[in-house]
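Below: the structure, in structure tokens.
The values are calculated or read from the model by the stated rules, or taken from the named source; none is laboratory data. As the structure is a prediction and not an experimental result, all values here were calculated from the model. Note that each Cβ is placed from the backbone with ideal geometry, even for glycine, and that neighbours are counted across all protein chains shown.
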Amino acid sequence: MTNNATIDIAQRAKAMLSRFYGYSTFRPLQLEIITTAMARRDSVVLMPTGGGKSICYQMPALLSDGVVIVVSPLIALMKDQVTALTSNGIPAAAVNSMQTEEENRDILEQLFSGRVRILYISPERLLLEIDRWSRDLKISLFAIDEAHCISQWGHDFRPGYTQLSRIKALFPHVPVMALTATADRLTRDDIALQLRLDNPQLFIGSFDRPNISLRVMTNPGKTQRVNYICSMIDRYRSDSGIVYCLSRKSAEEMDKQLSGRGYRSVVYHAGLSVTERNQAQDRFINGEVQVVCATVAFGMGIDKSNIRWVVHNNMPRNIESYYQEIGRAGRDGAKAETVMFYSYADIATLQSFVDESGQQALNAEKLTRMKEYAEASLCRRRILLSYFNETVDHDCGNCDVCLNPPERIDGTVIVLKALSAIVRINGSAGITMLIDILRGATRQELIQRGYDKIKTYGAGRDLSFGEWNAYISQMIQLGLIDIAYNENNHLKITAYGCRILDSRGPVILAKYIPIERRSSRRKVVAESENIQLSPAERLLELLKDVREKLAKKEQVPPYIIFSDKALLEMVRTEPLDMEEFSRVEGVGERKTVKYWKPFVTAIRKFKGINENLGAGMSQEETLLLLNAGYDVNAIAEAKGIKPQTVYSHLSELINNDKLSDFSSIITREQYLRVMDVAKKHPDDFYVLLADEMPVGLPRVAVAISDFLLRKKGNS
């Protein structure tokens, strides 16, 4: 591709980005990836969840004559992105198993007739259709989403992907773009090999998502966990969050706890029926519930932009999964929070998964890296980015380690009490039993074993369960204690621990900081209701209400109307008319015409402006769409009016000297024909031309004639 061609594509792509998506600039690498596809070169794109992968393969559909085929295993993603694309005025559709065969066939007919520019399809269905496509369909790009699924080295291998090399066999000259959010070097190379890509260009986007805060908390106990999650829900009352749980049972228990406190919660896991899972997912996507309690079965393909927080109730099995799951928060770029609760019981469970896996050595190493992240006392974001081979030379300032550097204390006495207790019971107990011994608990099992008779029984009554749990976890991290996973997770003193016990220290620990207590749902509600919102926060809540009403009316998720980030831009810029609204980042031309009135009306009312928006705005909407490249029929469809009405608007715009380029409205031949008939039959030329050209077009020709006469008279 020549340099001039590259510049032309870049200019056209930026125009399309503004027109259809409402953004003034591309994110890093997006334009380079799009240009590579337009140069008909294969590529492997590694971008984090929420990093903007979809525009990379959607844009070529707007810049080329052929269609873009998007291969995805995720029906949720297909449905979500098709809804978002069509709402932006981009003709897209999906073929999947959730639709009837009749519906799928109708969509394929639309594809062949040119009415669909982007088609989402599963790998299995693609392989059924691809032979026919090689003969009859002009394709500009194949995009393979979740491309790590083709590799047995990937964390989510799917057999349906293994035959996708047929794409290159049948379409050797059509570029293939393989996209994934999580792939190490081994998996990346395997993706290119399995798909038979031809010298693919590799793009690795930054995995830094600075808007997401990171926090890890050593197991504070069941009640404290639930209290903390409740505080998250209350902080983001009109947004959504996810609680990831290790098992179906724990997901159901968390849902029960939250529902019992009056929160709108739903559960999601693979043990539910397809109907139950779809209902839960739809309720979450549409904002009917505040939180979903789920296993890792939930979230693939979810493009919901206003997920403001993600809590891991248990440690994930590897950093790839963890990063992908927290990446579902803050996809719109606005701030989001993530918290991971960490306990050694999780390690035991996850270790059993590793032992049963087909790649024990690899998975054991990944679990070790996850554990190191959870126990880190360094900037967590730097650890995450390092895992994905991205180096930064500064701390992030948005993780718990950076925001609250641990206060150090002399923990020698605490350590000696714990080590002494372990010695006296011959290493025959786990963490919970050890804490109960130190705190002098009177539970039956402890007394039956005679642990109440040892010298250190009750020696740690001055510390809470949470304090002991945190300090014992640090002792494990420091290497003073080891966990015997093959002996029911019993604690054993290491050689280093023995030296400390003999020498009597010293040992420095990080001071325990308790989680804020929230005793009841009633107290939480009372506190949240008494919070004084700033004017900007009140306007944001008002705009969210407008968005929710529109979403219910159109039966789409609220974020399809506008993302939270777009609403925040409206709060910042406070647009008071259509033109100002059209300049808001994230507001494309189609959505300007469709939604400017309710949002601008709400902003004007909030600011105490009572004047009417003014007449003629419908004509201004028509002019906006015309300047954006819409023809008369497309304008009529976008506005929900008749083409005749559009021609009427155009006539008025010409009469008011607001429109002077007529080439996209009427041909020279049509104009001359109207003038000829009007000259010969001045009283009934409209009727005579009714069967010859669209109703309203002759009136446009007359307006042009008057415009030219005025122009001549002024010259």
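Looking at GLU579, GLU554, GLU611, can you tell me which residue is surrounded by fewer than 16 Cβ atoms within 10 Å (Cβ to Cβ) and under 30 Å from ILE704 (Cα atoms)?
Details: GLU554 fails: under 30 Å from ILE704 (Cα atoms); GLU611 fails: under 30 Å from ILE704 (Cα atoms).
None of the other options fit; the residue is GLU579.
Could you run through region 197-215 and say how many residues are assigned to a loop (DSSP other than H, G, I, E, B) and within 13 Å of GLN324 (Cα to Cα)? Spell out the reasoning first.
Going through region 197-215, the residues assigned to a loop (DSSP other than H, G, I, E, B) turn out to be 197-200, 205-211.
From what is left, the residues that are within 13 Å of GLN324 (Cα to Cα) are 207-209.
Residues flagged as assigned to a loop (DSSP other than H, G, I, E, B) and within 13 Å of GLN324 (Cα to Cα) within region 197-215 amount to 3.
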In region 220-244, the residues that are in contact with a strand residue (DSSP E or B) (Cβ under 6 Å, 6 or more places away or on another chain) and not in a helix (DSSP H, G or I): TYR236, ASP239, SER240, GLY241, ILE242, VAL243, TYR244
When residues of region 479-498 are filtered for being buried (at least 17 other Cβ atoms within 10 Å of the Cβ) and in a helix (DSSP H, G or I), how many remain? 1
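Please indicate, with yes or no, whether at least one residue in region 596-605 is of a type outside the set (Gly, Ala, Ser), farther than 22 Å from GLY22 by Cβ and not assigned by TED's automatic domain parsing to the domain that holds MET693. Give the steps one after another, and end with the answer.
So the first thing to find is which residues in region 596-605 are of a type outside the set (Gly, Ala, Ser), and the list is 596-601, 603-605.
After this cut, where a residue has to be farther than 22 Å from GLY22 by Cβ as well, the list is 605.
Those still in the list that are not assigned by TED's automatic domain parsing to the domain that holds MET693 too: 605.
Yes, because at least one residue in region 596-605 is of a type outside the set (Gly, Ala, Ser), farther than 22 Å from GLY22 by Cβ and not assigned by TED's automatic domain parsing to the domain that holds MET693.
Each row is one residue, and each column tells you yes or no for (1) at pLDDT below 85; (2) in a loop (DSSP other than H, G, I, E, B).
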position: ILE90; (1), (2): no, yes
position: ALA93; (1), (2): no, no
position: ASN104; (1), (2): no, no
position: LEU119; (1), (2): no, no
position: SER134; (1), (2): yes, no
position: SER140; (1), (2): no, no
position: HIS155; (1), (2): yes, yes
position: GLY160; (1), (2): yes, no
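To keep it simple, each residue is scored yes or no on (1) of a type in the set (A, V, I, L, M); (2) within 23 Å of GLU146 (Cβ to Cβ); (3) over 21 Å from the mean Cα position of the chain (by Cα); (4) not in a helix (DSSP H, G or I).
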| residue | (1), (2), (3), (4) |
| --- | --- |
| SER250 | no, no, yes, no |
| ASP255 | no, no, yes, no |
| GLN279 | no, no, no, no |
| ASP282 | no, yes, no, no |
| CYS293 | no, no, no, yes |
| VAL296 | yes, yes, no, yes |
Among the residues in region 619-631, are any crowded, with 18+ Cβ neighbours inside 10 Å, in a loop (DSSP other than H, G, I, E, B) and either at pLDDT 90 or above or hydroxyl-bearing (Ser, Thr, Tyr) (or both)? yes
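Can you find, within region 328-346, the residue that is surrounded by the fewest Cβ atoms within 10 Å (Cβ to Cβ) among those that are modelled with pLDDT of 85 or more and hydrophobic (A, V, I, L, M, F, W, C)?
Restricting attention to region 328-346, the residues satisfying the condition of being modelled with pLDDT of 85 or more are 328-331, 334-343, 346.
Next, only the ones that are hydrophobic (A, V, I, L, M, F, W, C) stay: 329, 334, 336, 339-341.
Details: ALA329: 30, ALA334: 18, ALA336: 26, VAL339: 21, MET340: 24, PHE341: 24.
The qualifying residue surrounded by the fewest Cβ atoms within 10 Å (Cβ to Cβ) is ALA334.
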Unique residue being in contact (Cβ under 8 Å) with a residue 24 or more places away in the chain and closer than 24 Å to PRO210 by Cα when the list is ALA329, ALA297, ALA251: ALA329
Does region 66-88 contain any residue that is more than 17 Å from GLY327 (Cβ to Cβ), assigned to a helix (DSSP H, G or I), of a type in the set (Lys, Arg) and modelled with pLDDT under 95? yes
Which count do you get for residues in region 65-98 that are over 20 Å from ASP303 (Cα atoms) and not small (Gly, Ala, Ser)? 2
Among the numbered criteria (1) among the small types (Gly, Ala, Ser); (2) within 23 Å of GLN619 (Cβ to Cβ); (3) surrounded by 11 or more Cβ atoms within 10 Å (Cβ to Cβ), which single criterion is violated by SER663? (3)
Which numbered condition in (1) more than 23 Å from LEU550 (Cα to Cα); (2) touching a Pro at 6+ places or on another chain (Cβ under 8 Å); (3) not polar (S, T, N, Q) is the only one that VAL584 fails? (1)
Restricting to region 1-47, count the residues that are under 17 Å from ILE191 (Cβ atoms) and surrounded by fewer than 20 Cβ atoms within 10 Å (Cβ to Cβ). 1
Exactly one of these conditions fails for MET570: (1) assigned to a helix (DSSP H, G or I); (2) among the hydrophobic types (A, V, I, L, M, F, W, C); (3) modelled with pLDDT under 95. Give me its number. (3)
First in region 431-447 and more than 14 Å from ALA470 (Cβ to Cβ), second anywhere and among the charged types (D, E, K, R) and part of a helix (DSSP H, G or I), Cβ under 7 Å, 6 or more apart: ARG443/ASP436; LEU446/ASP436; LEU446/ASP452
If you scan region 18-47, which residues turn out to be out of contact with any Ser or Thr (no Cβ under 9 Å at 6 or more places or on another chain), among the β-branched types (Val, Ile, Thr) and at pLDDT 95 or above? ILE34
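Across region 303-335, which residue is nearest to ASN219 (Cα to Cα) among those that are among the acidic types (Asp, Glu) and in contact with a His (Cβ under 9 Å, 6 or more places away or on another chain)? Walk me through how you get there before you give the answer.
First, pick out the residues of region 303-335 that are among the acidic types (Asp, Glu): 303, 320, 325, 332.
Okay, now just the ones that are also in contact with a His (Cβ under 9 Å, 6 or more places away or on another chain), so 320, 325.
On the way: GLU320: 22, GLU325: 20 Å.
Per the stated criteria, the residue is GLU325.
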Got a number for residues in region 442-495 being of a type in the set (Lys, Arg) and within 26 Å of LEU509 (Cα to Cα)? 3
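Looking only at region 181-196, filter to residues that are part of a loop (DSSP other than H, G, I, E, B) and touching a helix residue (DSSP H, G or I) at 6+ places or on another chain (Cβ under 7 Å); which one of those is farthest from ARG369 (Cα to Cα)?
Just the residues of region 181-196 that are part of a loop (DSSP other than H, G, I, E, B), to begin with: 181-184, 195-196.
Restricting the remaining residues to those that are touching a helix residue (DSSP H, G or I) at 6+ places or on another chain (Cβ under 7 Å) gives 181-183, 195-196.
Details: ALA181: 19, THR182: 15, ALA183: 16, LEU195: 30, ARG196: 32 Å.
It comes out as ARG196.
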In region 659-715, which helices (runs of 4 or more DSSP H) lie fully inside it and hold 2 or more residues that are basic (Lys, Arg) and over 51 Å from the mean Cα position of the chain (by Cα)? 668-680, 697-714
